[in-house]
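So that we are looking at the same thing, I have put the structure below in structure tokens.
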Amino acid sequence: MGKDGIRWKPYESPGFFDELIKGKGRIRYGARPLCRYLSRLSTDEVGRRKAAADLAIHTMGITFRVYSDKTGSIDREWPFDIIPRIIPRSEWERIREGLTQRVRALNLFINDLYHGQKIVKDKVFPETVLQESKNFRKICMGVNPPLGVWAHICGSDLVRDSDGTMYVLEDNLRVPSGVSYMLENRQIMKRVFPEMFEAYDIDPVDDYALQLQQCLASLSPRNVRNPEIVVLTPGIYNSAYFEHSYLAQQMGAELVEGADLFVGSDDVVYMRTVEGPKRVDVIYRRIDDLFLDPEAFHPDSMLGVCGLVRSWKKGKVALANAPGAGVADDKVVYAYVPEVIRYYLGEDPLIPNVPTYLCFDRKQREHVIQNLDKLVVKPANESGGYGMLIGPHATQKERNHFARLIRRDPRNYIAQPLLGISTTPTLVGDRAEPRHVDLRPFILSGKEMFVTQGGLTRVALRKGSTVVNSSQGGGSKDTWIVGRKGL
Amino acid sequence: MLSREAERIYWMGRYLERAEDMSRLVNVNALLLLDLPGGVSVGWKPLVSITASEPLFSDRYGEATERNVIRFLVSDQGNPGSILSALSQARENARTIRDIIPREAWEEVNNIYLHAKEDMHSGLSKRGRNVYLTSIIRRSQLITGLLAGTMTHNYAYDFLKLGRNLERADMTSRIVDIRSQNLLNEPEESLRPFENIQWMSVLKSLSGYQMYRQHVRGPVRGADVIHFLFKHEQFPRSIYHCVSEVAGCLRRLPRNEDPMKTLNRLRRAVRNTNPEDLPAEGLTRYIDKIQRVFNRFHQDIQATYFSITS
């Protein structure tokens, strides 16, 4: 072995769609320059590039934080793979349009749910689903957030099935995270493979912070030139603190904790500064709804700001995302998104949903229970891959257990066919092996809409695993949207 | 700048200074005791008095033996004034303002605490003590230098220096207070021949001996030492100098009227009094007075910048 670089001939990902390799060493169109380049590097050189990436991560201080009492906070370095995932721009354009369409419809949907609920009256969306939604906030009824937008920052997870179709797996409308890693991954790759950026026509991603800043500024209740924008973080012990601090820095915004803010008798939000109280116009909050304001939600929340929701309802401050936006971020509601798109926009969805069975419907429930060995069952309101049943890999005992759970609380469960999530070559030792990936693009909605070029590709580093969460052995890759130049 | 950040960097400055000052104090006392004949020694009790923690000490230890006092001042996390407690507090404050201070500075603050903790047993041993305490002083100086050389000299830096100089002035006044009580109040007959080296040790506990020698030729006299430590304009640990530094920082800060009034009172008190001319009792009263103003000043800073309410 030793001397040659990465060899593509033996690379196989049987039964799955691979993002770069068609099989038998045949390389997909967009990936040719990269794969040829990697096969020309010696094994030592590949090792050096990997070491360069690790060093960049170390010196750039890219971490996610885990707190331990004994040693204080541990910053774990971000697991990163140096082989990028590549998507041709022509394909991406269509995905981008599909995402824009989806988020536009979702915002109209949320706004409708908090006003006339036309979609319910027209019997497109069942009232019972709404009534039992954990993320529906009664307190938001009748509120008119700026521009009628509720979900300003959305992170939608995309996966590709074995036939090559991209599906939306879920929409994160509460406090989606990961965008800072998308940005840092690109910085690392520019250091590690500068020559590839010359050879290819790769869309830049660096303008995200600027776009976010403009999006947030467009929500300002005061018509001032430079509205005061702050990033509200739960604090240094939060696992996404690095991202909060990174985005604040990149936007030139103040990074604040709940205790830094107060609501004055004029219902305006102020931050405590050494120059005295300073008015805040827009809060990019990275705290969940229920901890946002002890006056409106959990009375014992230490993270929030008393009176914040009152100020928001009066239009004195903008909150991004708006409280209650998570109502559309629910796996049962998810099943209705194609209908939601048709209802509000009169268009067919450009990106399909994964077919979803709703257990609260008697017929669908029986189908699910009969076919538990073929389906994936998910609770409606969990994230991070908790509380799931992967039918084909489960034991009969586990399946029986889930059948009981579903019958007891049908509203809380949905089922989907097991997708053969796509793979992409990932460096394992000095070879490339297939590993499963998903993709999280970020969609901004303010005065204008913006979609990141690509997004964060998360990769399950363990062989055969499809769990991409960083807390469970996941890592990430740079994502290249490439044009025709150099191909 | 957020009030919370200002408060945390201010306390980081104070705690680091406290740890450094305490290290010097313990080290110098240990060295002094080696020079004094057995039986005539001033012992370790004055160190507990300097930190104004006699009740806590007697609760926890009882007798002021060398071993007890050193443990209390160096490693006892039940004593909020111990070196280890101060470093732990400095680190907790630094941790929350990592976006404000340069990365290397945070790493050094983290290191000084870890070092102090891991090497504690050598800090408590007679032979390891000197190396241990000296290294804490050096590391603290390293942080001071790092911050001076790499951090933007903005409001945050002013709050840091404000905390550091206030703590330093306070410590200088405490050391003079306690030491002079021993030395000025009709010193015990047996100790009189050693008055000189005791005043030298006062200077050394403030790293001031060499600088004092450049300034005052001739013998080390109590009155000259007191004058030097209170009123020398350029010596960085004299009260006059610390207070001037505080004034410089405060002048750059916004909304400084209230703390400035208190600070001016302090500056007048330092400028218009010659503490070396006071009788022993008067000196104590005078020091009590300026300590009360230090406190008042801290409260003004707190009220003006840290606890802004609706």
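Read the figures in this text as sums done on the coordinates, not as results from a lab. Just so it is clear, the structure is predicted and the values come from calculations on it, not from any experiment. Every residue, glycine as well, gets a Cβ built from its backbone with ideal geometry; the counts of neighbours run over all protein chains shown.
Among rounded, prolate and oblate, which fits segment B:258-304 when a ≥ b ≥ c are the square roots of the eigenvalues of its C-alpha gyration tensor, a/c under 1.5 means rounded, and a/b larger than b/c means prolate?
On the way: a/c = 5.49, a/b = 2.09, b/c = 2.62.
The shape class here is oblate.
To the nearest 500 deg cm²/dmol, what mean residue ellipticity at 222 nm is calculated for chain A from DSSP H runs of n ≥ 4 alone, each contributing -39,500 (n - 2.57), summed and divided by the residues?
On the way: 14 runs with 144 residues, N = 487.
The per-residue figure over chain A is -9000 deg cm²/dmol.
Then there is this: In nm, to one decimal, how far is the A:LYS485 label point from the B:ALA269 one, both placed 7 Å along Cα→Cβ?
Label at A:LYS485, label at B:ALA269, 7.0 nm between them.
Give me the distance between the Cα centres of segment A:3-50 and segment A:308-338, rounded to whole Å.
That distance is 44 Å.
For the residue pair A:GLU195 and A:ASN223, what label-to-label distance in nm results when each label sits 7 Å from Cα along the Cα-to-beta-carbon direction?
For the pair A:GLU195/A:ASN223, the computed spacing is 5.6 nm.
Residue by residue through B:296-308, how many Cβ atoms from other chains fall within 10 Å of the Cβ on average?
Values: counts 0, 0, 0, 0, 0, 0, 0, 0, 2, 5, 2, 1, 11.
That average works out to 2.
According to the square roots a ≥ b ≥ c of the eigenvalues of the Cα gyration tensor, what is the shape class of segment A:95-226, taking rounded for a/c under 1.5, prolate for a/b larger than b/c otherwise, and oblate for the remainder? Let's see the in-between values first.
Numbers: a/c = 2.88, a/b = 1.58, b/c = 1.83.
It comes out oblate by the Cα gyration axes.
Which pairs, out of A:LYS190/A:LYS463; A:LYS190/A:LYS447; B:LYS161/B:LYS204, put more than 26 Å between their alpha-carbon atoms?
Numbers: A:LYS190/A:LYS463 28 Å; A:LYS190/A:LYS447 32 Å; B:LYS161/B:LYS204 23 Å.
Where the Cα-Cα span goes over 26 Å, the pairs concerned are A:LYS190/A:LYS463; A:LYS190/A:LYS447.
Considering only DSSP states other than H, G, I, E and B, which trypsin sites (Lys or Arg not before Pro) in segment B:88-184 qualify as loop sites with at most 14 other Cβ atoms within 10 Å? Can you show the working numbers first?
Numbers: sites: B:ARG91, B:ARG95, B:ARG98, B:ARG103, B:LYS117, B:LYS126, B:ARG127, B:ARG129, B:ARG138, B:ARG139, B:LYS161, B:ARG164, B:ARG168, B:ARG174, B:ARG179; in loops: B:ARG98, B:LYS126, B:ARG127.
Taking segment B:88-184 and a limit of 14 other Cβ atoms within 10 Å, the loop trypsin sites (Lys or Arg not before Pro) found are B:LYS126, B:ARG127.
Taking each residue in A:245-252, count the Cβ atoms of any other chain within 10 Å of its Cβ, then average. What number comes out?
Values: counts 2, 1, 0, 1, 1, 0, 0, 0.
Per-residue shielding by partner chains comes out at 1.
Taking N as the number of residues in chain B, what is its alpha-carbon radius of gyration divided by 2.2 N^0.38 Å? List each step's numbers first, then the result.
On the way: Rg = 19.2 Å, N = 310, 2.2 N^0.38 = 19.5 Å.
Rg over 2.2 N^0.38 Å, computed on Cα atoms: 0.99.
I need the P(r) histogram for segment A:323-444: all alpha carbon pairs, bin width 10 Å from 0 out to the longest distance, whole percents.
12, 35, 31, 18, 4, 0
First select every other residue whose beta carbon is under 12 angstrom from the beta carbon of B:ARG213; then total the charges, Lys and Arg +1, Asp and Glu -1.
On the way: positive: B:LYS204, B:ARG217; negative: B:ASP224.
Cβ neighbours under 12 Å give a net charge of +1.
If each residue of separation counts as 0.36 nm, what is the full-extension length gain between A:ASP361 and A:ASP409 once their alpha-carbon separation is subtracted? Display every interim value, and only then the final one.
Working: separation 48, 0.36 × 48 = 17.28 nm, distance 1.17 nm.
Net length gain for the segment: 16.1 nm.
When Lys and Arg each count +1 and Asp and Glu each count -1, what net charge do the other residues less than 12 Å away from B:GLN291, Cβ to Cβ, add up to? Before the final figure, lay out the partial values.
Details: positive: B:ARG174, B:ARG285, B:LYS289, B:ARG292, B:ARG296; negative: B:ASP170, B:ASP177, B:ASP288.
Residues near B:GLN291 contribute +2 overall.
I would also like to ask the following. How many partner chain Cβ atoms sit within 10 Å of a residue's Cβ in peptide A:428-434, on average, as a whole number?
Numbers: counts 0, 0, 0, 0, 0, 0, 0.
Per residue, the number of nearby Cβ atoms from other chains is 0 on average.
Using only the Cα atoms of segment B:155-310, build the gyration tensor, take square roots of its eigenvalues as a ≥ b ≥ c, and label the shape rounded, prolate or oblate: rounded if a/c is under 1.5, else prolate if a/b is larger than b/c, else oblate.
Taking the square roots of the gyration eigenvalues as a ≥ b ≥ c, segment B:155-310 is prolate.
With unit charges on the beta carbons (Lys and Arg positive, Asp and Glu negative) and the dipole taken about the Cα centre of segment A:357-417, which residue among A:THR395, A:GLN370, A:TYR357 sits farthest to the positive side?
The listed residue farthest towards the positive side: A:GLN370.
Further question: At most 16 other Cβ atoms within 10 Å and a DSSP loop assignment: could you name the trypsin sites (Lys or Arg not before Pro) in segment A:310-409 that fit?
A:LYS314, A:LYS374
Net charge near A:GLU12, counting Lys/Arg +1 and Asp/Glu -1 over other residues with Cβ under 10 Å of its Cβ? Walk me through the intermediate numbers first.
On the way: positive: A:LYS9, A:LYS24; negative: A:ASP18, A:GLU433.
Charge balance near A:GLU12 sits at 0.
Quick check: the distance between the Cα centres of segment B:79-118 and segment A:386-450, to the nearest angstrom?
42
Tell me the GluC sites (Glu not before Pro) within segment B:213-265 that lie in a loop according to DSSP and have at most 12 other beta-carbon atoms within 10 Å.
Details: sites: B:GLU233, B:GLU245, B:GLU257; in loops: B:GLU233.
Taking segment B:213-265 and a limit of 12 other Cβ atoms within 10 Å, the loop GluC sites (Glu not before Pro) found are B:GLU233.
Note down the Stokes-Einstein diffusion coefficient of segment B:73-220 in µm²/s, whole number, using a Kirkwood radius over alpha carbon pairs, 4 °C, and 1.567 mPa s.
On the way: Rh = 17.7 Å.
In µm²/s, the coefficient is 73.
Please report, largest first and rounded to whole Å, the three semi-axes of the ellipsoid equivalent to segment A:185-329, where each semi-axis is the square root of five times an eigenvalue of the C-alpha gyration tensor. Can you show the working numbers first?
Numbers: eigenvalues 207, 57, 43 Å².
Three semi-axes, in Å: 32, 17, 15.
Roughly how many Å is it from the Cα centre of segment B:126-156 to that of segment A:248-297, as a whole number?
Distance between centres, Cα-based: 35 Å.
Kirkwood Rh, Cα Rg: Rg to Rh for segment A:165-223?
Working: Rg = 15.9 Å, Rh = 14.5 Å.
Result for segment A:165-223 is an Rg/Rh of 1.09.
Let me ask something additional. How big is the convex hull of the Cα atoms of the protein assembly as shown, per residue, in Å³? If you can, show how the numbers build up before the last one.
Details: hull volume 163.3 nm³, N = 797.
So the per-residue hull volume is 205 Å³.
Would you mind computing Rg(Cα) / (2.2 N^0.38 Å) for segment A:357-417, counting N as its residues? Before the final figure, lay out each step's value.
On the way: Rg = 10.1 Å, N = 61, 2.2 N^0.38 = 10.5 Å.
Normalised by 2.2 N^0.38 Å, the Cα Rg of segment A:357-417 equals 0.97.
Calculate, for A:LEU418 and B:ASN111, the FRET efficiency according to 1/(1 + (r/R0)^6) with r their C-beta to C-beta distance and R0 56 Å; round to the nearest 0.05.
0.65
Over all alpha-carbon pairs of segment B:22-84, lay out the pair-distance distribution in 5 Å bins, whole %, shortest bin first.
Result, from short to long distances: 4, 19, 32, 25, 13, 6, 1 percent.
Next question, about the same structure. Would you calculate the separation in nanometres between label points at A:ASP44 and A:SER265, each defined as 7 Å from the Cα along the Cα-to-beta-carbon direction?
Modelled inter-label distance: 7.6 nm.
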